[in-house]
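The structure appears below as structure tokens.
The values are calculated or read from the model by the stated rules, or taken from the named source; none is laboratory data. Note that the coordinates shown come from a computational prediction; the quantities given were computed from them, not determined experimentally. Positions of Cβ are generated from backbone atoms using ideal geometry, with glycine treated the same way; all protein chains shown enter the neighbour counts. Side chains included, ligands, DNA and RNA excluded: accessible areas come from the protein's heavy atoms. Shrake-Rupley method; radii C 1.70, N 1.55, O 1.52, S 1.80 Å.
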Amino acid sequence: MTKPTMEDIVSLSKRRGFVFQSSDIYGGLSGFYDYGPLGVELVNNIKKTWWDSVVHARDNIYGIDGAIIQNPLLWQASGHLEGFTDPMVEDVVTHKRYRADQLAGVDSTDLKELKQLLKGKKSPEGNDLSEPRFFNMMMQTWVGPVEDEAAKVYLRPETAGAIFINFLNVRDSMRAKIPFGIAQIGKAFRNEISPRDFIFRVRELEQMEMQYFIRPDDQEESYEEWRKFAWNFLIDKLGIKEVNLSWHEHGESERAHYAKAAHDIYFNFPNGSKELWGTHNRSDFDLSNHSRVSKQDLSYIDEAANTRFIPYVIESSVGVGRLLLAVLTDAFSRDQVDNETRTVLRFKPQIAPYKAAVSPLLKNKPELVKIARGIYQNLQQNLGMVIWDDNGNIGKRYRRQDEIGTPFCITIDFETLDNQSVTLRHRDTTKQTRIAADKLVETLNKELIN
Ligand code: GAP
């Protein structure tokens with residue numbers, strides 16, 4: 001199976017209600033997207049799977065939901081006001097701005113190296129370029145009625161900030177003992193110089209992040225554990241194919257200002273193999289700086305060992321939209337069925353937007369429709385999202401469901417009237433079996449657990 005192009009993914013996403021360009025009717029806004037009815041279901045299923053694995057399945061990781069806007073001192077202490085930058089160059093004629101590292105084709109933030117590599121290069125419009133310089137990606141606004149320096153605040157560029165400043169609150173309210181973690185899912189904002197590649201690089205993003213607070217001595221072991229967690233989660237929980245994943249270790253010039261070590265999982269996106277999920281060793285960078293700036297003691301006393309230390313942090317961080325793009329790309333496939341090419345999204349059934357589709361063979365036969373409606377309502381109550389589809393012939397209905405990744409189609413036909421059995425059709429194999437209507441919930445639930 002050849003990999004889908006970005007155009008395949010963008011067009012399916014729009015046509016079938018996964019992702020829309022935001023402000024579409026006003027010409028869009030670069031770097032912003034809206035999730036449609038199927039996109040929001042898929043995203044919610046991905047988020048729930050992550051939350052279940054990180055928070056519910058462990059007894060020492062606690063969830064929070066912090067504010068997007070916090071006291072700006074947070075971003076001074078975290079180093080973002082100073083260091084959350086990307087190297088930028090400007091087309092001297094059009095004044096369009098570009099990421100210097102992307103134009104140079106390297107993963108580097110070293111201005112000297114970039115200057116060297118960009119010597120003699122032109123902008124995509126064919127004009128001369130300015131020298132590379134740093135550009136801060138924090139988005140700002142004001143709170144209160146006066147738009148002055150004192151009222152300036154920032155939209156968070158990563159969710160992690162709210163986690164660090166709630167370290168004491170969570171530790172004390174949950175009587176948490178190190179090692180323990182804090183997890184959060186939420187929006188973050190980055191004034192990306194060149195948002196691009198559909199939802200791969202956007203200006204309003206959502207992150208799923210977990211910060212694990214540990215003893216400094218445990219940093220290597222914990223780092224490996226959280227790298228392994230991310231890799232296994234993608235394969236086992238989201239059904240992503242291992243061949244589409246690889247590791248990338250950050251070199252010194254590539255690491256974020258807070259990171260002592262960083263490994264990304266790269267995914268084979270339509271636009272190339274690129275960062276999907278980061279694991280970072282943030283050392284005691286964050287809690288030390290927040291202690292210093294807030295003048296609050298964020299050290300931890302280990303009574304058993306009679307020691308006091310500033311906890312180290314291992315961070316696991318992934319963008320929800322980027323993960324959605326990976327899931328769509330990985331699931332996208334085309335094959336031949338009955339001499340026709342079909343597009344099928346082979347989602348792991350647990351995360352598919354609809355778990356099943358229910359159809360009466362003919363929509364003008366009340367006796368079939370009545371039984372089908374009963375089955376539909378029963379599945380809705382027991383499986384969650386189920387779709388009713390009585391439009392067009394049965395082959396067309398199957399293709400429509402394949403294209404949105406519905407793993408099971410159930411058809412109620414004349415044989416149902418005789419023996420209460422229905423046709424159960426499997427998306428991936430297109431195989432059809434007869435099954436007793438009253439065994440549907442049990443059978444599908446079994447398939448959805450595996
Ligand atoms: N707290 C650490 C942190 O934010 P990051 O590498 O800047 O680290 C983590 O971001 C993850 O967030 C990335 O691996 C990616 O999945 C996602 N991400 C970052 N910037 C993004 C953007 N502009 N658009 C979409 N996703 C983004």
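Gly63: net charge of surrounding residues, Cβ under 14 Å, Lys/Arg +1, Asp/Glu -1, itself excluded? Net of charged neighbours comes to -1. Computed over segment 40-95, the range of Cα coordinates on each principal axis works out to 54, 31, 17 Å, biggest value leading.
How large is the helix-only mean residue ellipticity at 222 nm for the chain, computed as the sum of -39500 (n - 2.57) over DSSP H runs with n ≥ 4, divided by its residue count, in deg cm²/dmol to the nearest 500? Display every interim value, and only then the final one.
On the way: 15 runs with 141 residues, N = 450.
Only helices count here, giving -9000 deg cm²/dmol.
Using the Cβ of Ser291 as centre and a radius below 10 Å, the other residues enclosed give a net charge of -1, where K and R count +1 and D and E count -1.
Counting Cα-Cα pairs of segment 94-176 in 5 Å increments starting at 0 gives whole-percent bin shares of 3, 11, 14, 12, 10, 11, 12, 11, 7, 4, 2, 1, 0. If the viscosity is 1.567 mPa s and the temperature 4 °C, what Stokes-Einstein diffusion coefficient in µm²/s follows for segment 354-449 when Rh is the Kirkwood radius over Cα pairs? Once the numbers are plugged in, D ends up at 99 µm²/s.
Note that the chain presents 47 Å² accessible area per residue, ligands and nucleic acids not counted, probe 1.4 Å. Sorting 293-299, 180-186 by their mean Cβ neighbour count within 10 Å, with the most densely packed peptide first, gives 180-186, 293-299.
I'd like to know how segment 256-391 sits against the 2.2 N^0.38 Å rule of thumb: what's its Cα Rg over that expected value? Mind dumping the intermediate values first?
On the way: Rg = 25.9 Å, N = 136, 2.2 N^0.38 = 14.2 Å.
Ratio of Cα Rg to 2.2 N^0.38 Å: 1.82.
Output the Kirkwood hydrodynamic radius of the chain, Cα pairs only, in Å rounded to one decimal. Computed over Cα pairs of the chain, the Kirkwood hydrodynamic radius comes out at 24.6 Å.
Tell me, what is the FRET efficiency for Gln116 and Gln140 to the nearest 0.05, using R0 = 30 angstrom and their Cβ-Cβ distance as r? That gives a FRET efficiency of 0.35.
Sparsely packed loop sites in segment 342-414 (the trypsin sites (Lys or Arg not before Pro) outside DSSP H, G, I, E and B with at most 16 other Cβ atoms within 10 Å) comprise Lys363.
Excluding Arg282 itself, calculate the net charge of residues whose Cβ lies under 10 Å from the Cβ of Arg282, where each Lys or Arg counts +1 and each Asp or Glu counts -1.
Numbers: positive: Lys260; negative: Asp284, Asp286, Glu315.
Value of the local net charge: -2.
Across segment 160-176, coupling constants 3J(HN,Hα) worked out from phi with the 6.51/-1.76/1.60 Karplus curve, θ = phi - 60°, read 3, x, 5, 6, 4, 6, 9, 3, 5, 4, 6, 4, 6, 6, 9, 6, 7 Hz, and Gly and Pro carry x.
With semi-axes defined as the square roots of five times the eigenvalues of the C-alpha gyration tensor, the equivalent ellipsoid of segment 158-301 measures 28, 18, 15 Å, largest first. If the reach is capped at under 29 angstrom between alpha carbons, list the lysines near Lys119, excluding any in the same chain fewer than eight residues apart. Partners found: Lys96, Lys274. Each residue of segment 437-444 was assigned a 3J(HN,Hα) from its phi angle through the Karplus expression (A = 6.51, B = -1.76, C = 1.60, θ = phi - 60°), giving 4, 7, 9, 4, 4, 4, 5, 5 Hz with x at Gly and Pro.
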